[in-house]
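Quick one: the structure is below, and I'll ask about it shortly.
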């Protein structure tokens, strides 16, 4: 009469007991809030109002998808994300290759490159705010030395988003360089030596040998890049507050405004889930492309 | 046995005292150090000494975090008994049934001394706000730069035309035509553009809403005229300020660096310069608002509200009435250099000592506050977005006024 009862061995029961605290933690602090947020996304809910969230079905999703604010924010986010990821991959791969053949002294550069990622985003953003200052910023002082006029880095529609991209690439390049360096060191020397013996040029070696072998790690960098850049908020909040003319209003910043400035938690949750779908689709697409290339 | 009984009696006495004491939580908005020191080290101890049955716990919430913290407190049922907020938040909080009306308490209070600021926190005839401090958005200018270009610092502009003329004289451009010194610095987005616009809009006779707050009355000649004037200020060739400015984000005040000759500034900004740059502070003057069909300026007041859910409303009022006494209000406003809401404090010592600060008190008679409607924050941001589009040349003044009207109407009547 043991039908329906799962019999666990003593080690399995012990294992379950060991993972129970972590499981409870994950369910309570991560899974349940996500499920609740999904429910709230179908409701009209402001914490200011008394009573439970009011069910409105797909109204928040419809309102959001057809709003110009959201469409603009999504477009800005995608442009920002694509620019950061492409530049990050190119620059960090180039740096990794440079450091590969560098002297031991130059390899200390790796530590310097790594520093931005371990520094607080808020602190780094304030430093860049000063660097980008239209009148007194270091970047414009340098331009002045070459006889060029001041640029409104964060003050003009043309430059605000590229300025954020530059800062974000600077922050992420060191981390990705370290990852590429590890991947390069994992490539068997004999493969490279064999290609050289066969007369492959440096360019051929890079295109035919290194790039294909680095494809899995590039896919990892792209996927993690999408997950991270599509949620960008802090640097936007500090450097541009989404302006000028909404040219740096990302979806993450829009969610903040909906939730904390206007108290529209239902709409903010709906926007968050659409952002989640975008992140999932892009990450999954990148992964599928990388797998296809590998096979 | 006797010692056991004595100890039990002592514990019972201590317990009874603790039970008799009411705990009161008060949230102050802002985290200005001198104000925090005053409240923590002087005001609260003085109140507790005068009211031994009340135990006050004070928290200071930075303005930027206030809405998020309050929303969390409302959602979790942990709202403080007393909290501070801006006057424009009143209608939204009342609509959500979060505030206790204070009229019963005000009945025995010298409300006349608070003048128009008292009415800023009224909704449907009931009063909810006990004003604590305020500020205005007035024209602040560097007298030395005025003299340099041959202007008389003693005769500030009284009309829009005079204001634009003075700003043009003070504007300095380089050989390529780029502005090196703004004649009149104005931010081009958010509240940095909306607040100066508000003053101009009211001066032109405009208003966002009907008196009862049920109708949007934004679009009209006043809005178009004020937006066109803003466009003239930002004009790339003949204008006096640059696009993309955000004076609040500047690491050093542009009046200090000489990057701006004039700007619309708050009393806190001027007071801050008194502390950080006393030499520049001495060179500053503050002008009365200009006049079009009316003379008006944006002023805002923050004050105490009592939570509708507070079980200690009487104790909450005890604290508020104590903190609103002329002595404590003067001390509190003197600490931050802000504007006391009581007319009897118009000549307070810290104001009388500085003509620049006194100007904010003298011009309180022209004060206009943000409309007290539940949708104000969103309506404000809609206005700012269309103003920004207008000064960037993306929308005409007429189109901006019309779009603002339509979007706020949609907000008011979803």
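The values are calculated or read from the model by the stated rules, or taken from the named source; none is laboratory data. Keep in mind that what you see is a predicted model, and the values were worked out from it rather than measured. Neighbour counts run over all protein chains shown; Cβ positions are idealised from the backbone, glycine included.
How many of the residues in the range B:239-278 are away from chain A (no Cβ under 14 Å) and closer than 20 Å to residue A:151 by Cα?
Here the count works out to 2.
This table checks each residue for (1) part of a helix (DSSP H, G or I); (2) surrounded by 12 or more Cβ atoms within 10 Å (Cβ to Cβ).
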{"site": "A:24", "(1), (2)": "yes, no"}
{"site": "A:35", "(1), (2)": "yes, no"}
{"site": "A:51", "(1), (2)": "no, no"}
{"site": "A:64", "(1), (2)": "yes, yes"}
{"site": "A:82", "(1), (2)": "yes, yes"}
{"site": "A:125", "(1), (2)": "yes, yes"}
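Of the residues that make up the range A:215-237, is at least one in a loop (DSSP other than H, G, I, E, B), in contact (Cβ under 8 Å) with a residue 12 or more places away in the chain and more than 17 Å from the chain's Cα centre (by Cα)?
No, there is no match, as no residue in the range A:215-237 is in a loop (DSSP other than H, G, I, E, B), in contact (Cβ under 8 Å) with a residue 12 or more places away in the chain and more than 17 Å from the chain's Cα centre (by Cα).
Take the residues in the range B:364-398 that are away from chain A (no Cβ under 14 Å) and modelled with pLDDT of 95 or more; name whichever of them is surrounded by the most Cβ atoms within 10 Å (Cβ to Cβ).
B:383
Can you confirm whether residue A:252 is touching a strand residue (DSSP E or B) at 6+ places or on another chain (Cβ under 9 Å), in a helix (DSSP H, G or I) and buried (at least 19 other Cβ atoms within 10 Å of the Cβ)? Reasoning before the result, please.
On the way: touching a strand residue (DSSP E or B) at 6+ places or on another chain (Cβ under 9 Å): no; in a helix (DSSP H, G or I): yes; buried (at least 19 other Cβ atoms within 10 Å of the Cβ): yes.
So residue A:252 does not fit the description; no.
Take the conditions assigned to a helix (DSSP H, G or I), within 13 Å of another protein chain (Cβ to nearest Cβ) and over 19 Å from residue B:209 (Cα atoms) and apply them to residue B:410. Does it pass?
So residue B:410 fails the test.
Let me ask something else about it. Right, residue B:214: assigned to a helix (DSSP H, G or I), surrounded by fewer than 24 Cβ atoms within 10 Å (Cβ to Cβ) and at pLDDT below 95 or not?
Here the answer is no, as residue B:214 does not meet what is asked.
Which residues, counting only those in the range B:60-71, are in contact with a strand residue (DSSP E or B) (Cβ under 9 Å, 6 or more places away or on another chain) and either closer than 17 Å to residue B:328 by Cα or surrounded by 12 or more Cβ atoms within 10 Å (Cβ to Cβ) (or both)?
B:60, B:61, B:63, B:66, B:67, B:69, B:70
Further question on the same structure: So, in the range A:153-167, of the ones that are part of a helix (DSSP H, G or I) and within 12 Å of another protein chain (Cβ to nearest Cβ), which residue ends up nearest to residue A:138 (Cα to Cα)?
Of everything passing the filter in the range A:153-167, A:163 is nearest to residue A:138 (Cα to Cα).
If we scan the range B:217-237, do we find a residue that is surrounded by fewer than 18 Cβ atoms within 10 Å (Cβ to Cβ), closer than 18 Å to residue B:404 by Cα, more than 14 Å from every other protein chain (Cβ to nearest Cβ) and free of Cβ contacts under 8 Å to residues at least 12 places away in the same chain?
Yes.
Filter the range A:254-290 down to the residues that are under 14 Å from residue A:70 (Cβ atoms) and under 14 Å from the mean Cα position of the chain (by Cα), then identify the one that is nearest to the other protein chains (Cβ to nearest Cβ).
Restricting to residues being under 14 Å from residue A:70 (Cβ atoms) and under 14 Å from the mean Cα position of the chain (by Cα), the top hit is A:275.
Yes or no: the range B:311-318 includes at least one residue that is modelled with pLDDT of 95 or more, buried (at least 23 other Cβ atoms within 10 Å of the Cβ) and touching a strand residue (DSSP E or B) at 6+ places or on another chain (Cβ under 6 Å).
Taking every residue of the range B:311-318 in turn, at least one turns out to be modelled with pLDDT of 95 or more, buried (at least 23 other Cβ atoms within 10 Å of the Cβ) and touching a strand residue (DSSP E or B) at 6+ places or on another chain (Cβ under 6 Å).
Of the numbered conditions (1) more than 9 Å from chain B (Cβ to nearest Cβ); (2) at pLDDT 90 or above; (3) closer than 22 Å to residue B:259 by Cα, residue A:148 fails exactly one; give the number of that condition.
(2)
Residue B:361 versus (1) within 23 Å of residue B:156 (Cα to Cα); (2) touching a residue at least 24 places away in the same chain (Cβ under 8 Å); (3) within 16 Å of the chain's Cα centre (by Cα): which is the lone unmet condition?
Unmet for residue B:361, out of (1) within 23 Å of residue B:156 (Cα to Cα); (2) touching a residue at least 24 places away in the same chain (Cβ under 8 Å); (3) within 16 Å of the chain's Cα centre (by Cα): (2).
Now a separate question. Among the residues of the range B:178-192, which ones are assigned to a loop (DSSP other than H, G, I, E, B) and more than 10 Å from chain A (Cβ to nearest Cβ)?
Listed by number, the residues that qualify are B:183, B:184, B:186.
Which condition from (1) under 30 Å from residue B:334 (Cβ atoms); (2) within 14 Å of another protein chain (Cβ to nearest Cβ) is the one that residue B:175 breaks?
That leaves (1) as the condition not met.
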